[in-house]
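Enquirer: Quick one: structure below, then a few questions.
The values are calculated or read from the model by the stated rules, or taken from the named source; none is laboratory data. Computed from a prediction, not measured in an experiment: that's the story for all the values here. Note that each Cβ is placed from the backbone with ideal geometry, even for glycine, and that neighbours are counted across all protein chains shown. These area figures cover heavy atoms from the full protein model, side chains too; ligands, DNA and RNA do not enter into them. Shrake-Rupley method; radii C 1.70, N 1.55, O 1.52, S 1.80 Å.
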There are 2 protein chains.
Amino acid sequence: MENSNYNITIIGAGNGGRAFAVYLSRLGHDVTLLYRSSKYVENIKSSKTILSFGYISGSHKLKMITNNYKKAIENADIILYVVPASAHLSITKEILPYLKNNQIIILNPGRTWGAVEVYNAIKNNRPKLQIHVGETQTLLFTCRKIHDFGVSILKIKNSVDFCFYPEEDNKILFPIINSIFPEFNLVDDIRETSLNNIGAVIHPVITVLNAGSITRKSDFHFYEEGISKKIANLVEKVDQERCKILRYIGVKPISLIKWANRVYGCKATDYYEVFHQIESYKNIKAPVSLRVRYLTEDIPTGLVPLSSIGKYISISTPNINSIIVIATTLLNTNFYKIGRTIERIPALKTLLIKKLVKKRPGVPYTLLQAQNPIFYNNFE
Amino acid sequence: MENSNYNITIIGAGNGGRAFAVYLSRLGHDVTLLYRSSKYVENIKSSKTILSFGYISGSHKLKMITNNYKKAIENADIILYVVPASAHLSITKEILPYLKNNQIIILNPGRTWGAVEVYNAIKNNRPKLQIHVGETQTLLFTCRKIHDFGVSILKIKNSVDFCFYPEEDNKILFPIINSIFPEFNLVDDIRETSLNNIGAVIHPVITVLNAGSITRKSDFHFYEEGISKKIANLVEKVDQERCKILRYIGVKPISLIKWANRVYGCKATDYYEVFHQIESYKNIKAPVSLRVRYLTEDIPTGLVPLSSIGKYISISTPNINSIIVIATTLLNTNFYKIGRTIERIPALKTLLIKKLVKKRPGVPYTLLQAQNPIFYNNFE
């Protein structure tokens, strides 16, 4: 397939959004950058350029930078969401009136069930619209924004899993996506990109078990010092509960250790070593507040979906649930209610049953019932 | 009632055990002190005296100091347990062969269900023995041991709730106990001393939410710095779950705030203020390990019994359960299994039903069933 130029709109002008803008502009695409807050974008706005350093360096021209959803969306071929997953739904509501047939939306990343939620939110409101929604398993870049003018791209990952939802779109549309992003690796099951959400296994545990330090603003390195051997026990249990769910529904799980060894090239054999072998983790500081993406994003779009599936298929997730309950109480925010649950996104139930029947014909339907009312009622 | 002299054996030569020895020796009783570890008791052993400072000061003679259970128990009129509640059962096993009719055992304090557990352990093994077991709601003293020779008594509390189990013993035996300990205040329901376990509401939450700091041995003041407003939310929810259980079973709950205002004379109106108003909390340092009484004692003999009753009467305790689950995983110790549950101490079930029928005749028996299998199965 020959290279084409596309109108690509990037929603989000933070770390990842800027990296995508640089990456795509260099390839000759027409890039529109939509910023949600005008904080730290003044220079990019006035110059319509982003300076980049590191893996890609130079000055990169934007076609447009705007906070006007109509302008940003109406001429886009491809729309990239590069925002916390907890904003996927509100952004979908913003762009809904301006979407046109055959536009492609890609969530970077989808966290857990991002593409399913966004696809269904659009279809529920505009059932006749031909829309295509895909998601990645993780962000393509390791990057940090630089003030109001640039971005530092520390790494472009070698391989990032990608899938459309519904998966029927993969066949025709993935070649287009792959011509733009050769690093994307097609998987044929949306559950693989969704349920190998490693961030959700790591961040909430470290944040909750260090809540004291964080709230008294005591300085520590998040990964290097935030994890002791005993806290690593908890990360391991959370990961085991996740992997058990994946195995039950017929998806091959990638354990945190396997993922880290693959992505970061370390040779860890236990959950404590992982965090002390990853070089780029070493200098990352702890957050200064508990109202941080590690909880506000990773709980509702990571741990809550896992808990919800676990409840549905009767696989207990006590360690995951405990972290959700404590985060709910700490922040006085009902994460289970606002999170990506089977109750809130009925399409997930259909998806689970359909896939279970396909992949595990022996599993009785009667098992697929919620059986843990007390514990969950208390989220109300 | 005139004063008599008794043979009193104190089991445990730590902070509280030494304070009791000083207190009782001063009143002219014959005091036997049983030490469990010979660490830090050399001087007391060789001199058979304890030096005391603070509220009581002087040099106090012991009748005997020993680690021999037979010698310590066979001539005792009254036996005081002054040890972590997690040791109540192992001590009971040690003294079982030497107990005689009409000896009185007092747990200082009983934590939750201490007297019930000890009484039944004795009755199950020596059903014909006439034994009397009582418990206090909290330790009579605020005190700290001093090296291998003494103790500092910072406070003798004005009023400490006391009850025998079964409560029939109160009528005849409490006057004897009260003649020795005028600070003891008789309550007529063992559930009052057992379920107003305030330590269990406070310690595990602070410890778990500061697990990161504690395991990396970062220095902080346990109460003064360990509790932020967000962490106080969690203490509040744990206390509310406890109070809800008490109300349901017809026991008037004492909230943490009410308790603190009464015991420490503060005027706190919320759960954050409490910890910053109590003067004697200010300089208490954090523990240097997670394997500390705040978890190893307060979880199995405090939060686990509450969770177990909650499950039994269908009152959900998600915040309490979450702390239990996380402590279980952190320390790789099945606290629910070893803790004081209705499953492990069947007498608790009888007690609950009997009291419910007496105090709340309208409560249907059918409600009194475990209904939360998934969550609890995972403790196995």
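Enquirer: Buried by at least 50 Å² relative to the chain on its own: which residues of the range A:191-213 qualify, computing accessible area with a 1.4 Å probe on protein heavy atoms?
Expert: When all protein chains are present, A:L209 each give up 50 Å² or more of accessible surface.
Enquirer: Additional query: Given H placed on each backbone N at 1.01 Å, which residues far from A:I105 in sequence or on other chains put an amide H within less than 5 Å of it?
Expert: The answer is A:I79, A:H132, A:V133, A:G134.
Enquirer: Further question: Accessible area per residue for chain B in Å², computed with a 1.4 Å probe and the full protein assembly in place, what is it?
Expert: Details: 15080 Å² over 380 residues.
Value returned for chain B: 40 Å² of accessible area per residue.
Enquirer: Once you charge only the Cβ atoms, +1 for Lys and Arg and -1 for Asp and Glu, what is the size of the charge dipole of the range A:194-348 about its Cα centre, to the nearest 20 debye? Don't skip to the end; give the middle numbers.
Expert: Details: 20 positive and 12 negative charges, 53 e Å.
I would put it at about 260 debye.
Enquirer: For Cα pairs less than 8 Å apart in space and 6+ apart in sequence, what is the mean separation divided by the residue count of the range B:7-194, i.e. the relative contact order in percent?
Expert: Working: 411 pairs, mean separation 41.1, N = 188.
Computed over the range B:7-194, the figure is 22 percent.
Enquirer: Turning to a different aspect of this structure: Have a look at the DSSP beta bridges in chain A and tell me what percent are antiparallel, nearest 5. Please report the intermediate quantities before stating the final value.
Expert: Values: 15 of 43 bridges.
Roughly 35 percent of the beta bridges in chain A run antiparallel, per DSSP.
Enquirer: Using a label point 7 angstrom from Cα along Cα-to-C-beta, what distances in nm, from shortest up, separate B:N178 from the other copies?
Expert: 8.7
Enquirer: Provide the per-residue ³J(HN,Hα) series for the range A:54-71, in order, calculated from phi with Karplus coefficients 6.51, -1.76, 1.60 and θ = phi - 60°, each as a whole number of Hz, with x at glycine and proline positions.
Expert: Going residue by residue, I get x, 4, 10, 10, x, 10, 10, 7, 9, 6, 7, 10, 8, 10, 9, 4, 4, 4 Hz, with x marking Gly and Pro.
Enquirer: Contact order normalised by length for chain A, with contacts defined as Cα pairs under 8 Å and 6 or more residues apart; what percent is it? Mind showing how you got there, number by number?
Expert: Details: 680 pairs, mean separation 50.6, N = 380.
The normalised contact order for chain A reaches 13 percent.
Enquirer: Given H placed 1.01 Å from N in the peptide plane, which residues other than close sequence neighbours of A:L33 have an amide H under 5 Å from its amide H?
Expert: Placed amide hydrogens put A:I10, A:M64, A:I65, A:T66 under 5 Å from A:L33.
Enquirer: Separate question: Taking the label point as lying 7 angstrom from Cα along the Cα-to-Cβ axis, what are the distances from B:E74 to the corresponding position in the remaining copies, in ascending order and in nanometres?
Expert: 10.1
Enquirer: Could you tell me which of rounded, prolate or oblate describes the range A:230-339, using a ≥ b ≥ c as the square roots of the eigenvalues of the alpha-carbon gyration tensor, with rounded for a/c under 1.5 and, failing that, prolate when a/b is larger than b/c and oblate otherwise?
Expert: Details: a/c = 2.16, a/b = 1.16, b/c = 1.86.
The shape class here is oblate.
Enquirer: Quote the total accessible area buried by chains B and A together, excluding ligands, DNA and RNA, probe 1.4 Å, nearest 100 Å².
Expert: Values: alone 16690 and 16690 Å², together 30170 Å².
Summing both sides, the interface buries roughly 3200 Å².
Enquirer: A further question on this structure: Name the residue farthest towards the positive end of the dipole of the protein assembly as shown from the options A:F149, B:I11, B:T341, assuming +1 on Cβ of Lys and Arg, -1 on Cβ of Asp and Glu, about the Cα centre.
Expert: B:T341
Enquirer: If a/c stays under 1.5 just call it rounded; otherwise compare a/b with b/c (prolate if a/b is bigger, oblate if not). Do that for the range B:1-138, with a ≥ b ≥ c from the square roots of the Cα gyration tensor eigenvalues.
Expert: Values: a/c = 1.64, a/b = 1.55, b/c = 1.06.
Cα axes put the range B:1-138 in the prolate bin.
Enquirer: Mind checking which lysines have their Cα closer than 24 Å to the Cα of B:K45? Skip sequence neighbours fewer than 8 apart in that chain.
Expert: Cross-link targets: B:K61, B:K63, B:K70, B:K71, B:K145.
Enquirer: Other chains' Cβ within 10 Å of B:308-317 residues: what's the mean? Present the calculation step by step, with values, prior to reporting the outcome.
Expert: Numbers: counts 0, 0, 1, 1, 0, 0, 2, 2, 7, 3.
Averaged over the peptide's residues, the number is 2.
Enquirer: Under the rule a/c < 1.5 gives rounded, and otherwise a/b versus b/c splits prolate from oblate, where does the range B:65-184 land using the Cα gyration tensor? Each step should come with its number before you reach the end.
Expert: Values: a/c = 1.73, a/b = 1.23, b/c = 1.40.
Oblate shape, in that a/c is at least 1.5 and b/c is the bigger or equal ratio.
Enquirer: For the protein assembly as shown, what does -39500 (n - 2.57) per DSSP helix run (n ≥ 4), summed and divided by total residues, give at 222 nm, in deg cm²/dmol to the nearest 500?
Expert: On the way: 36 runs with 328 residues, N = 760.
About -12000 deg cm²/dmol.
Enquirer: Here's something else I'd like to know. Just want the answer: with Cβ charges of +1 for Lys and Arg and -1 for Asp and Glu, which residue in A:Y312, A:Y264, A:I284 is farthest toward the dipole's positive end in the range A:197-377?
Expert: Looking along the dipole axis, the top candidate is A:Y312.
Enquirer: Per the Kirkwood definition applied to all pairs of different Cα atoms, how many angstroms is the hydrodynamic radius of the protein assembly as shown? Write down the numbers at each step before the final one.
Expert: Numbers: mean 1/r = 0.0344 Å⁻¹.
Over the protein assembly as shown, the inverse of the mean reciprocal pair distance is 29.0 Å.
Enquirer: If A:D219, B:D270 are ordered by their accessible area, calculated over protein heavy atoms with a 1.4 Å probe, which sequence runs from highest to lowest?
Expert: On the way: A:D219 115, B:D270 60 Å².
Highest to lowest solvent-accessible surface, that is A:D219, B:D270.
Enquirer: Could I ask something else about it? Residues in the range A:4-46 near a label at A:K61, defined as backbone nitrogen under 14 Å from the 7 Å Cα→Cβ point?
Expert: A:25-32
Enquirer: Per-residue mean of other chain beta-carbon atoms within 10 angstrom of the beta-carbon, peptide A:230-243?
Expert: Working: counts 11, 8, 2, 6, 7, 1, 1, 7, 1, 0, 0, 1, 0, 0.
Whole-number average of other-chain Cβ neighbours for A:230-243 is 3.
Enquirer: Gaussian network model of chain B, Cα springs within a sub-10 Å range: biggest mean-square fluctuation belongs to which of B:A286, B:A327, B:A72?
Expert: B:A286
Enquirer: I'd like the trypsin sites (Lys or Arg not before Pro) in the range B:16-54 restricted to DSSP loop residues with at most 16 other Cβ atoms within 10 Å, sorted by number. Please report the intermediate quantities before stating the final value.
Expert: Working: sites: B:R18, B:R26, B:R36, B:K39, B:K45, B:K48; in loops: B:R36, B:K39, B:K48.
Sparse-neighbourhood loop trypsin sites (Lys or Arg not before Pro): B:K39, B:K48.
Enquirer: Tell me, what HN-Hα J-couplings in whole Hz come from the Karplus equation 6.51 cos²θ - 1.76 cosθ + 1.60 at θ = phi - 60° for each residue of the range A:291-296, using x for Gly and Pro?
Expert: Listing the rounded values in order: 7, 9, 3, 3, 9, 5 Hz.
Enquirer: State the percentage of accessible surface on chain B attributable to carbon and sulfur atoms; use a 1.4 Å probe and exclude ligands, DNA and RNA. Display every interim value, and only then the final one.
Expert: Values: 7470 of 15080 Å².
Using a 1.4 Å probe with all protein chains present, chain B comes out at 50 percent carbon and sulfur.
Enquirer: Now a separate question. B:K349: which lysines have alpha carbons under 26 Å from its alpha carbon, excluding same-chain residues fewer than 8 sequence positions away?
Expert: Within the straight-line cut-off, B:K349 pairs with B:K93, B:K123, B:K128, B:K171, B:K237, B:K244, B:K252, B:K311, B:K337, B:K358, B:K359.
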